[in-house]
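Encoded as structure tokens, the structure appears first; notes follow it.
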């Protein structure tokens with residue numbers, strides 16, 4: 001381990017340094033050109049290191065590597081008759097070496113490594129990838145904010161600086177990664193998992209056996225890569241593992257979380273992609289499956305990927321100023337208030353890029369510490385920071401460390417495209433900041449508007465809505481009140497995508513400086529619908545079909561009337577969901593036909609009904625089995 005190189009920083013992305021490093025580390029056998037498509041998939045196009053070195057000048061001077069557009073998700077852009085996509089290396093990010101610890105090079109006696117080079121996807125001389133969208137969003141955020149500071153220098157007065165004092169704007173972002181880990185092919189009863197969750201038997205408890213080993217190895221590897229891990233612990237989900245006759249733990253099913261230090265936005269996205277690979281591979285070497293699904297198990301806590309958002313100034317004298325931190329006795333600065341108001345105002349057009357799978361909407365349900373409506377919490381008072389875990393986006397503050405002030409967006413999950421999530425977040429924040437600064441708003445005025453009640457007038461936020469609550473939004477409000485005050489969340493991927501058409505003025509926020517062009521937005525919508533459709537037909541329905549078949553009659557012929565009645569109710573529901581007859585079609589078939597006919601609105605409604613029926617079926621069967629004496 002001590003002789004391996006894990007990261008090549010951007011300062012060494014030159015011919016002399018790279019040639020020296022790769023010749024000193026012959027275990028690095030391959031170079032992988034990595035692009036991120038609109039679905040967040042990372043490519044892995046391997047090139048032998050010797051070929052990379054032979055043509056290193058071209059690589060470092062923007063000469064593209066070609067790939068087939070059919071291998072990346074860019075519908076409507078890389079079409080079958082125009083499928084060539086070029087890949088151009090990004091020299092301004094860290095490059096990581098991905099080691100295959102299962103394959104030891106017999107010559108060097110070290111694991112074979114692949115140098116991963118982050119790259120932009122180019123189609124017809126135009127960048128069309130998630131990486132470029134985020135880069136453009138950050139550049140737009142910085143340049144727009146600098147223009148405001150230059151043209152309205154009084155906006156810097158609260159910070160006690162002048163425009164000429166500024167060296168640069170720094171965007172700081174970070175993610176928290178939750179995931180489920182289990183022994184292959186092991187299954188735990190949902191009631192067992194749910195009970196453990198309610199009793200909080202797993203949360204922050206000590207890891208044991210192979211889970212402990214894999215977690216500790218992951219954290220140490222993260223340290224070697226320079227990610228600076230801050231924490232690794234058990235999350236709320238899971239059940240106690242069992243010790244077998246050989247002294248080994250099996251029947252493992254646990255939820256974990258790992259956190260690491262913030263970076264600039266693009267690097268933070270790169271880090272998150274690689275940490276997921278590192279985590280999955282490390283746990284796999286210890287015989288454990290890792291799932292990054294948003295909701296791998298119904299009725300049990302899903303996995304989030306909370307995203308932290310911050311902005312600061314670096315001054316020419318080296319000093320750092322957090323632009324969100326209050327400049328007086330208040331929750332936030334004017335810029336901070338504008339930023340969070342921008343997210344709340346525009347979240348309807350952010351959400352389609354954040355919640356893109358059916359699992360994401362299964363996770364966003366009341367009672368699982370996941371946000372279900374557009375609302376924030378600041379705290380009871382400026383000297384009493386809040387950690388309300390029921391809201392969409394929260395204010396994180398450390399009274400002893402002004403640089404720590406930031407926002408935590410709680411809706412993303414591990415399958416969220418982090419590049420697009422950060423892009424829409426910073427573009428929306430910029431919209432609110434522009435409102436606050438261009439209209440010379442004071443902190444007091446912005447706090448009043450942010451804290452408004454439904455029906456109260458507002459210049460920027462919507463009159464009919466409320467946006468702040470210090471209460472538990474799951475418990476304090478009825479379902480009707482919550483939907484009325486803070487908006488009703490979409491229930492499916494299709495409903496979510498409709499918001500891009502429903503709110504054209506808000507969508508223009510993302511189109512500033514052509515960060516999200518109409519072509520990119522349309523391609524994203526096509527990709528998301530295609531993935532949603534495929535997931536329903538080939539995963540959701542197939543998995544539900546196996547589950548429906550597993551609910552079998554268990555009572556004997558001398559069963560009680562109640563057992564017979566319970567089973568008849570179950571069997572009727574099984575037939576309604578799955579069985580076709582000459583006169584009626586089951587729910588599965590009706591969903592498939594709606595999708596085949598591109599009647600997505602009907603399919604969306606039927607999918608909601610299917611999930612409701614499946615939930616009822618599980619509960620009915622659970623009650624049925626509990627009442628049987630002999631099974």
Self-check item: Efficiency of FRET between residue 163 and residue 264 - r from beta-carbon atoms, R0 22 angstrom, step 0.05
Solution: 0.50
Self-check item: Spin-label proximity, residue 150 to the stretch 317-360 - amide N less than 20 Å from point 7 Å beyond Cα toward beta carbon
Solution: 317
Self-check item: Gained length - residue 580 relative to residue 315, 0.36 nm times residue gap less alpha-carbon distance
Solution: 88.4 nm
Quiz item: Considering the alpha-carbon set of the stretch 332-424 alone, what are its Rg and its Dmax in angstrom?
Solution: 13.7, 41
Self-check item: FRET efficiency, residue 401 to residue 83 (Cβ-Cβ, R0 51 Å, nearest 0.05)
Solution: 0.50
Quiz item: Once fully extended, how much extra length lies between residue 502 and residue 453, figured as 0.36 nm per residue of separation less the alpha-carbon to alpha-carbon distance?
Solution: 15.3 nm
Quiz item: How would you order 356-364, 13-21 from highest to lowest mean count of nearby Cβ atoms within 10 Å?
Solution: 356-364, 13-21
Quiz item: Peptides 399-405, 111-117, 616-622: what's the order by average Cβ count within 10 Å, highest mean first?
Solution: 111-117, 616-622, 399-405
Quiz item: Among 46-54, 306-314, 209-217, 342-350, how do they line up from the highest to the lowest mean number of other beta-carbon atoms within 10 Å?
Solution: 342-350, 306-314, 209-217, 46-54
Exercise. Normalise the Cα radius of gyration of the chain by 2.2 N^0.38 Å (N = residues in it) and let me know the number.
Key: 1.02
Self-check item: Extended-chain gain in nm, criterion 0.36 nm per residue less alpha-carbon gap, residue 616 and residue 438
Solution: 58.8 nm
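Where a number appears in this text, it was derived from the coordinates with a stated rule and is not lab data. Just so you know, these numbers come straight off a predicted model, no measurement behind them. Don't worry about glycine lacking a Cβ; one is built from the backbone with ideal geometry, like all the others, and counts go over all protein chains shown.
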